[in-house]
Structures are given as C-alpha cells and as structure tokens.
Amino acid sequence: MWVQRKLSGLLLLVLAVGVAAPALLWAAWDIQRSARQQQQAFAQEIQQFQRKLESGLQSPLWDLAPDSAAPLLDAQFQDRRLASLTVLTDARQLFYHHDEASRRDGQCTTHHLPVYRQTQLLGEALAEFCDGALQAQIAQQRSERLWLIGGQFGLTLMLIVALLHWRLVLPVRQLVAQAQALAQRRLAQPFTWLRRDELGQLGAALETTRQALAQLFTRLEQQNQALHAELQQRAAISEALRHSQQRYQALVDEAPEGIALICPGTGRFVEGNPQTAHLLGCRQDALPDYTPFDVALTVKTDAPAVWQQRWLSALHAASEGVFSQFRWRFQPLDGQPQRHIDVHLGRLDTGQGRAIRATLLDVTAQVSAERQLHLMQRATEQSRDGIAILDSRLTLSSCNPGFRWLFGHEDVRLLPCLDPHNPALYQALCQQLDSEGNWQDAMWLNTRQGSRYCQVRISRIVSEEDPDNHICVVTDTTETHQQEDRIRYLAHHDPVTGLTNRHFLYGRMAEDIHLTPPRPFALGFLDLDRFKTINDTLGHEAGDILLQAVARRLQTIIRNEDLVSRIGGDEFVILASGMRQAKEADELFTRVLGAFHEPFELAGKLFHITPSIGVCFFPSDGDNADVLMRNADTAMYVAKAAGRNTYRLFAQAMHAQNAERLDLERELRRGIQQGQFVAHYQPKVNPQGRLIGCEALVRWQHPELGLLSPARFLPMAEETGLIVSIGRQVLLAACQDCLRWRQAGYPDLCVAVNVSSRQFSHDNLQDTVQACLDQSGLPPDALELEITESLLMDNLEQAITLLNALRALGIRISLDDFGTGYSSLSYLQKLPIDTLKIDRSFVQHIDSRPGDAAITRAIITLAHGLGVRVVAEGVETVAQRDVLNGMHCDVMQGFWFSRPVSGEVLMTRLGDTFGGESS
C-alpha cells in the first residue's frame, strides 16, 4: 500500500491521527458537557413549574372551582415543551385536562405533581413534558462544534503536509535517487547538495562514497582486463588442445569403419569406436565382454570353431607383424540381419603392451548389391522382354536372350524407329533423347512370331563412366493391345449385333447438332413387335440370332452416311444424316418396313416379325439428343397403337397421347390393386338353344368411367404385361361364378376363359390354374382354356408340353379363332385339344358366301373326324344359326343368343332358352 511504501505517507498518517484524535475527544467532551447542562436546566424549570402550579391550585382545588384555575393552567401551555396537563381532585375526579398532541416530539415524560394545603392532599397534577426541542438544540450545537473542529483540523493538516513535503519528502527523494545511482554504478555524475542539516550531511557522505567507488571500479576494471586477456590466452591454448584431441577422436569415432583394439592372446575386444559397437549390435562399453568368434555372433549355418580358428590364426600373425585381412560373416547381437565385414589386422604398440588394431569395413551392402546384380543379370537373361544396350549411335552393343527370341538375331535395325532410312521417326527419337533422355512408342514389328504389337522404350543410361549408352526395352503387348481394342469396340458397339450402341449414337447426334452449321437428320426409333414372345418362347439364344438377322437387314437398307444402332432389348435407332423432309423419310422407312416382309428363319422354322417405327427430325422436333430420342419413342408408341407394322412421324400432339398412355397404365395398376376387373359372360348354347356353358370376357368396372370394354385397355395391358395379373383375377372370378351356378342346380355348366400370349409364355400358367381351382373349389372338368393358333405356333413343341400339363390337371383346351392363323392338319392332330372355335370371320357371311360355308363345313367335318367338339362364335342372325345347325355344329354363341352379361344376370337366366336377341 501507499502508506507502507512511502515515508511521507506514514508521517502524514501519524500527524493526522495525532491532530485529529485530541480534537475529536475534546469535541465529544464539550458536547456531552453542554447536553448535561441543558438537561439540568430543564429539570430545574420543571421544579419551578411544580412550585408555581402548587401555589396556584390550592384555592381552586379547595373550593373545587375549575373556572378560577383555568387561566392559570392554560397559561402554562406557553411553554412549548408541555404536551398535556391533567388535574385530579383528592377524590380522583377530573378537575382540569388539556392536551396538545402536536407537541409530542422526542422523549415524553409524565410528572406527577401533588398539591397540598399544609399537610392535606388537595389533588394531583399530571404534566407530560417532551424534550424534542431540547434534543434538536443539542444536535445543532454538536453539528456546529464538529464543523468548527473539522475546519481547524483540515487547515492544520494542510500546513503540516506542505512543511513536510518541502523540508522532508523532497530531500529524502533526492537521497533515494542518489542511493539508487550508487547501486546501479552510475558514478560519473556528481551529487549536488546545498543543505546543511542532517539530510545535507547524509547527501555529502553519499557524494564521498560515490567518488571512492568510482576510483575503486576504475582500478578493478583495469585488473579485470588484464586477467581476461590472460584467461583468453589460456583458453585458446586449451581449446587448441581440445580441438586436436577431438579431431583425433572424431577420426576414430566418426570413421565409417569399425576401429577396435583386440587382445592377441584371448581375442577379446579391449575397446572400440561407436561404429564397432554398432556393427556388433551392442553397447560400446560392453565390447570387452565379447570375442569376434563368440557363439552369439556366429551365423547359425556356420561352425563357431571354424571362425575361432581363423581369428586366432590371423591375430597371431598380426602380433608377429604380418598384416592380415579376411572377410568375416556374423550375426549382430541386436538381431539385425547378418553382416559381411572386411577385417584388416595390424600390430599396435601402445606403450602398455602390444595390441592388435582391427579395422572393420562393412561390405554388407556391397555383397547385397553383388547378389542383386547377379539376380538382375539372371532376370534380364530370363525376361521375355527384349532388352538391348545401344551405343551413342543407337547401334546394338549387347542384348539379352529375350531380344534374340523376338527377332532371331541381333540386328537392332529391325526396329523402325532406329532405322536412319526412316528419317522422320529417327530424327524425332534423337531429338527427344537429347532433350528428355527417354523415348517410347508402340508399333507393329516383324518378329519371329510374325507381326506383333510392341511397346518400345529407349532411355539414356545415367553413368559418369559411359554417359552415351542407351537401354532399349521391347515388350510384346499384342494381347493387351487386342484386348484394349476389344474394350474400345465394346464401349461403342452392341456385343450381340455388332451395331453401334447408345453411347456411340448419342455422340454422333451431338456431333451433328454442334456442327457449324448444324447438320439436319432424321431419327427413326424402331421396336420389334412380339419380340418378347419369341425371345421367351424359343430362348435368348434364338432371340439373339433374330436380332443379328434384323441388324443385317437394316444395314443393307441404309445409306453409307446413315447410322443404325441397337440401344437395348429389341430397340433399334436409325439416324438418316442430312434428311429433313417427310418425303425422304417416307422412302427410307417404307423400305425398312418392306425388309420385314420376308420371314426370319429360327431353329429351322420361319417366323414373321414386324417393326413399329417412330420418326422425328432435327432440328424441327428437338435441339438435343434426349429430346429427340423421347419424341421418336413417343411416335413409335403411336405406331404401335395404330396396329403395329407401320411408322409414324412425330407431332407435338403425340405428347398428349403419350400422357394418356401413362395415365391409362397408372389407372390399370390401380384397378388391379383394387380388384376393378370383373368377368362378364356370353352364353354358349346347343342347337336347341339350351345353355351348356359360357365364355368369360373381361370388363373394367372403372369407378369414374363406368364399365369399359376390353378394346379400351387390353392393348395397353398386353404391352405392359399387366394382362397377366388381370388374367389371374378374371380366371379366379370365372371359377367362383361357375361354382355358384353349379351349386344352384346346373351341375353340367362349364366356363371358358381366354389365355393371352403373355400369360401363356411368361406366367407359370399351370400353377396359376391349379391355384384358382383350389381357391374356388371348382372341379377341373368345368374349366376350359381358350388359346389362339398364333400363340401355339411360336414354339409348337413347348406349347404341346404345356397343354398336356394343363390337361393333366383335368381341364379342357379350346383352340380359338381356328382358320385365321397358321392352320395346318400336320400340327392339328398333335395338339391335345378338346374344342375347335370357328372364327367369326367365317360365320359372318356363312349364309351368303359359298366359300365361307364350304370352309366352315370342312372344319366341322375335320373336327368331328378327330373327335373334337366345334363351337361357332359370332352368330348374329337366325339364318347363320340354321346353316350351322344344318352342318351339325355342336355349340354356338353370339349376339343372336345373348350379349355378354354379368354373373348375377346370368344366374337369373340359367333355365332359359336363348335365341332371337339380336333382333
């Protein structure tokens, strides 16, 4: 704190306390004395009040006349200290009372003042006095005295501080500064001191001390300089000796060789440098514990006795003055790999006896390098790469067997790059070797194995002894090159057809689009109709053969500047370069359609397949590849919707059609999930018009559009494969309805269900039929599956196998639309069928066209000859019915008998006779 660190502060504190304490004590005593005096005066005044009141109340109290006493008593309230006055008679009756409540301030005291007349008590006065005014007067006097004392104390303190600062603090500060200068050896500046008091005498003593110290330090500095010079001289001598010793020790300690002293008699190490300890794998101070031929240092495959004999013989020879050297192999003590050391032994006279100086040179790396060099030579000799050393003129100096194996002789001029007669390549090689020091290239070379694709690398050999040599490495990379070519080919070509793929097509479109100016072209998106049926029926190998045949036909049609690509599955794209008009496209894609008129041969059989093609143009129908492909794809789906085997040019309105297709597909999927597909039934009747069965026809009970016919959704269902799920729902519903009819009293009724191509080829139809029969409980003989001719002809043998499996379940098979497809007597007798359905195209004009009637009669006769029942569909008039009855047709169906109705409606008509509804 300031008081603890400053003398002036301490003095000021002492003086302040010394002056303030007496003043405060006197003030306190004076205030107390004044207060006592005022209180004594107050007490005397109360006594006077009592005497005056006693003399004034004797007569009124004696006469009991309050009115005569009132003036006297009221006059007493002129004293502001009196707060209340009550006078009681000797009978304790109120004689007088007056109260001034506002005067109650400070401490209030009630005084009992008896009134006597002679010795008789006349009454008593109760006077209440308050000392508030007295206390206020005392407080005012105390405040005035404190202010007076404070002013006196402050003035006195200021005078004392000024005197102390001038006469004591400033001189003391000057003395402190002088003492600090002496402590810091700042002796050049004399101390000036003019005072003659005790502080002045102390300053003069400090000046004398400064002068003495200045002379002393001058003499000490001179002696120190002399001593320092002597010490420097001695230190230089000592440093020179130390450096000399260090140099000699460093020669030993830092020598790359191990240097050690060995006792010639025992062979033990006497001492050695750090390199010796490092080589042996032990501490330097542990060297005397070992001999070079200790078992711990011996390699496992070596015999310790052999090394002991060799070392002792060499040490003996060295002690006789014969210089000895040999190569020592040992195992370091710290587990490092074994070392190879060249040992040089010589005699050394130390003055304390003889010792053998051993120099140990580590040649482990040299031995390893020699082995590596030997292995490298063997590797070079055994390498199949051709390796040759060339001189400064790039002529052959030497080569390995691999080089001779490649070329049959040592003529390096077989390399085209090294032949001066090929000046361009030879000059480029030389320039690159001069600038970069290496050259490499890949080329075809004539070798003993024929023309091979080789990687040739030539590099300058970095060597101070012979910097002009070069190494030439020839690597046969024919297989790798062929694989890379194959990879590059596959990256841009379809592996099945050999056509360019989607990646190449997009690159070609981008090239034409970004030309300046852009090159117009037509883009035809081609999708094969019914390819999935053939692929799944005949197998993927047959499908690949068909794709290859299609690719070959397309390539024969397009022009040289056009491009045909397969982009996946059964989809092909034709890019007709420079084509921008619909007329040109019509000519090209009409030829494409014509190329599919001829059937394709697969597995020894002929198959007809047709394409659906969508065509768009750049730049009118799109400005980038994605948009063009999407538009061509949209046009292709429009071609499919138009009946397939045609092409359509893209129009913007097709986007709306495509959106409708997507909406329809989405609605189809939702309808399948919600079970919106139901079965309606068209009755089948015998010649008498009695119901014997019905055909199940699918209808879509759409929640918004109502009941939809198959024409609205079946093409999309077939295309997307959703027909499989729809077919399962219809099959199960038909089985359940037929069981209800049978249980209603018509046990002979049966139901026929159509099977689509997708169901026949993709779905596990046998398991599906069995599951529906099991779930519904319908007997198998009550179910008939209707299958079209075209379905069976894709793969007849596989179809016959499936039909036999279905019949093994107990169900019946009907051949639908007979006569419209590939009707052949040769396969008809092989098919395991129960019913033939004559197509409506023959029944439609059976009463007016003799040819249709003759064909129908022949079909019925043929079927009956094979033991097969005949159903005629599409009967719409009574004349058609009569002609068929005359031909002994077994079963008929059509609008003449009934339109398709729901299962509930048919339930109400099971016992009716059908006929005449078309009218």
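Taking the range 670-700 on its own, how many of its residues are surrounded by 13 or more Cβ atoms within 10 Å (Cβ to Cβ) and either hydrophobic (A, V, I, L, M, F, W, C) or over 26 Å from GLU876 (Cα atoms) (or both)?
Adding up the residues that qualify gives 14.
Of all the residues that make up the range 182-232, how many are of a type in the set (A, V, I, L, M, F, W, C), under 30 Å from TRP166 (Cβ atoms) and open to solvent by less than 80 Å² (accessible area, probe 1.4 Å)? Before you say what the answer is, go through the steps one by one.
Our first condition is that a residue be of a type in the set (A, V, I, L, M, F, W, C); within the range 182-232, this holds for 182-183, 187-188, 191, 193-194, 199, 202, 204-206, 212-214, 216-217, 220, 226-227, 229, 231.
Still in the running and under 30 Å from TRP166 (Cβ atoms): 182-183, 187-188, 191, 193-194, 199, 202, 204-206.
Subsequent filtering for residues that are open to solvent by less than 80 Å² (accessible area, probe 1.4 Å) retains 182, 187, 191, 193, 199, 204-206.
The number of residues fulfilling the criteria is 8.
If the Cβ limit is 9 Å and pairs must be 6+ apart or interchain, which residue in the range 713-726 that is under 21 Å from CYS772 (Cα atoms) and at pLDDT below 80 pairs with which residue that is among the β-branched types (Val, Ile, Thr) and assigned to a loop (DSSP other than H, G, I, E, B)?
Nothing qualifies.
Can you list the strands (runs of 3 or more DSSP E) lying wholly within the range 622-738 that have 3 or more residues being over 30 Å from ALA510 (Cα atoms), out of contact with any Asp or Glu (no Cβ under 8 Å at 6 or more places or on another chain) and not assigned by the TED database to the domain that holds LEU515?
677-685, 691-702, 706-708
Just a yes or no: is a residue in the range 541-557 surrounded by fewer than 17 Cβ atoms within 10 Å (Cβ to Cβ) and not in a helix (DSSP H, G or I)?
No - not one qualifying residue is present in the range 541-557.
Please specify each residue of the range 560-587 satisfying the condition of being farther than 23 Å from PRO495 by Cβ and surrounded by fewer than 20 Cβ atoms within 10 Å (Cβ to Cβ).
Here is the first cut: in the range 560-587, the residues farther than 23 Å from PRO495 by Cβ are 560-561, 576-587.
Result: ASN560, GLU561, SER577, GLY578, ARG580, GLN581, ALA582, LYS583, GLU584, ASP586, GLU587.
Quick grid of which residues meet (1) in contact with a Gly (Cβ under 7 Å, 6 or more places away or on another chain); (2) free of Cβ contacts under 8 Å to residues at least 12 places away in the same chain; (3) open to solvent by 80 Å² or more (accessible area, probe 1.4 Å):
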site: GLU100; (1), (2), (3): no, no, no
site: GLN107; (1), (2), (3): no, no, yes
site: TYR116; (1), (2), (3): no, no, yes
site: THR119; (1), (2), (3): no, yes, yes
site: GLU124; (1), (2), (3): no, no, no
site: GLN137; (1), (2), (3): no, no, yes
site: GLN140; (1), (2), (3): no, yes, yes
site: GLU144; (1), (2), (3): no, yes, yes
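In this structure, is VAL169 outside the structural domain of LEU72 (by the TED database) and among the hydrophobic types (A, V, I, L, M, F, W, C)? Walk me through it before giving the result.
Values: outside the structural domain of LEU72 (by the TED database): yes; among the hydrophobic types (A, V, I, L, M, F, W, C): yes.
When the stated conditions are applied, VAL169 passes them.
Taking into account only those residues within the range 351-384 that are open to solvent by 50 Å² or more (accessible area, probe 1.4 Å) and in contact with a helix residue (DSSP H, G or I) (Cβ under 9 Å, 6 or more places away or on another chain), which is farthest from VAL270 (Cα to Cα)?
Residue satisfying both the conditions and the ranking: ARG384.
Filtering the range 624-641 down to residues that are open to solvent by 40 Å² or more (accessible area, probe 1.4 Å) and in contact (Cβ under 8 Å) with a residue 12 or more places away in the chain, which residue is farthest from PRO715 (Cα to Cα)? Walk me through it before giving the result.
Step one: list which residues in the range 624-641 are open to solvent by 40 Å² or more (accessible area, probe 1.4 Å), which gives 624, 626, 630, 633, 637, 641.
Now narrow it down to the ones that are in contact (Cβ under 8 Å) with a residue 12 or more places away in the chain: 624, 633, 637, 641.
On the way: ASN624: 31, ASP633: 17, TYR637: 11, ALA641: 8 Å.
Restricting to residues being open to solvent by 40 Å² or more (accessible area, probe 1.4 Å) and in contact (Cβ under 8 Å) with a residue 12 or more places away in the chain, the top hit is ASN624.
Of everything in the range 246-266 that's touching a Leu at 6+ places or on another chain (Cβ under 6 Å) and not acidic (Asp, Glu), which residue is least open to solvent (accessible area, probe 1.4 Å)? Outline the logic, then answer.
The initial filter retains those residues of the range 246-266 that are touching a Leu at 6+ places or on another chain (Cβ under 6 Å), namely 257-258, 264.
Okay, now just the ones that are also not acidic (Asp, Glu), so 258, 264.
Details: GLY258: 0, PRO264: 44 Å².
Step by step, filter the range 246-266, then rank; the result is GLY258.
Does PHE42 meet the test of being surrounded by 13 or more Cβ atoms within 10 Å (Cβ to Cβ), modelled with pLDDT of 80 or more and among the hydrophobic types (A, V, I, L, M, F, W, C)? Let's see the steps before the verdict.
Numbers: surrounded by 13 or more Cβ atoms within 10 Å (Cβ to Cβ): yes; modelled with pLDDT of 80 or more: no; among the hydrophobic types (A, V, I, L, M, F, W, C): yes.
Spelling it out, it is not the case that PHE42 is surrounded by 13 or more Cβ atoms within 10 Å (Cβ to Cβ), modelled with pLDDT of 80 or more and among the hydrophobic types (A, V, I, L, M, F, W, C).
Pairs under 9 Å by beta carbon, first residue under 16 Å from ARG460 (Cβ atoms) in the range 422-443, partner of a type in the set (A, V, I, L, M) and open to solvent by 70 Å² or more (accessible area, probe 1.4 Å), six or more apart or different chains?
GLY437/VAL462
Picking from ARG519, ARG488, ARG530, which residue would you name as being open to solvent by 60 Å² or more (accessible area, probe 1.4 Å) and under 40 Å from the mean Cα position of the chain (by Cα)? Step through it out loud before you land on a result.
Values: ARG519 fails: under 40 Å from the mean Cα position of the chain (by Cα); ARG530 fails: under 40 Å from the mean Cα position of the chain (by Cα).
Matching residue, one of ARG519, ARG488, ARG530: ARG488.
Working only within the range 20-29, note down all residues that are farther than 20 Å from GLY154 by Cα and surrounded by 14 or more Cβ atoms within 10 Å (Cβ to Cβ). Outline the logic, then answer.
Of the range 20-29, the ones farther than 20 Å from GLY154 by Cα are 29.
Listed by number, the list is empty, since nothing qualifies.
Write out, first by first residue and then by second, each pair whose Cβ atoms fall under 9 Å of each other, whose residues are 6+ apart or on separate chains, and whose first residue, in the range 495-520, is in the same structural domain as VAL627 (by the TED database) and within 11 Å of VAL564 (Cα to Cα) while the second is open to solvent by 30 Å² or more (accessible area, probe 1.4 Å) and in a loop (DSSP other than H, G, I, E, B).
From residues that are in the same structural domain as VAL627 (by the TED database) and within 11 Å of VAL564 (Cα to Cα), the pairs are ASN501/PRO495.
Tell me which residues, restricted to the range 558-590, are assigned to a strand (DSSP E or B) and either of a type in the set (Lys, Arg) or at positive phi (or both).
So the first thing to find is which residues in the range 558-590 are assigned to a strand (DSSP E or B), and the list is 563-568, 571-577.
Result: ARG566, GLY568.
Looking at ARG81, ARG117, ARG104, which is the one that is basic (Lys, Arg), touching a Phe, Trp or Tyr at 6+ places or on another chain (Cβ under 9 Å) and under 30 Å from ILE31 (Cβ atoms)?
Details: ARG117 fails: under 30 Å from ILE31 (Cβ atoms); ARG104 fails: touching a Phe, Trp or Tyr at 6+ places or on another chain (Cβ under 9 Å).
Only one candidate passes the filter, namely ARG81.
Show the residue pairs that are 6+ apart or on different chains and have beta-carbon atoms under 9 Å apart, the first residue being within the range 898-909 and in contact (Cβ under 8 Å) with a residue 12 or more places away in the chain and among the β-branched types (Val, Ile, Thr), the second being open to solvent by 70 Å² or more (accessible area, probe 1.4 Å) and part of a strand (DSSP E or B).
Close Cβ pairs satisfying both conditions: none exist.
The values are calculated or read from the model by the stated rules, or taken from the named source; none is laboratory data. Quick caveat, the model's predicted, so the values are computed rather than measured. Cβ atoms come from the backbone with ideal geometry, glycine included; neighbour counts cover every protein chain shown. Calculation scope for accessible area: heavy atoms of the full protein, side chains included, ligands and nucleic acids excluded. Shrake-Rupley method; radii C 1.70, N 1.55, O 1.52, S 1.80 Å.
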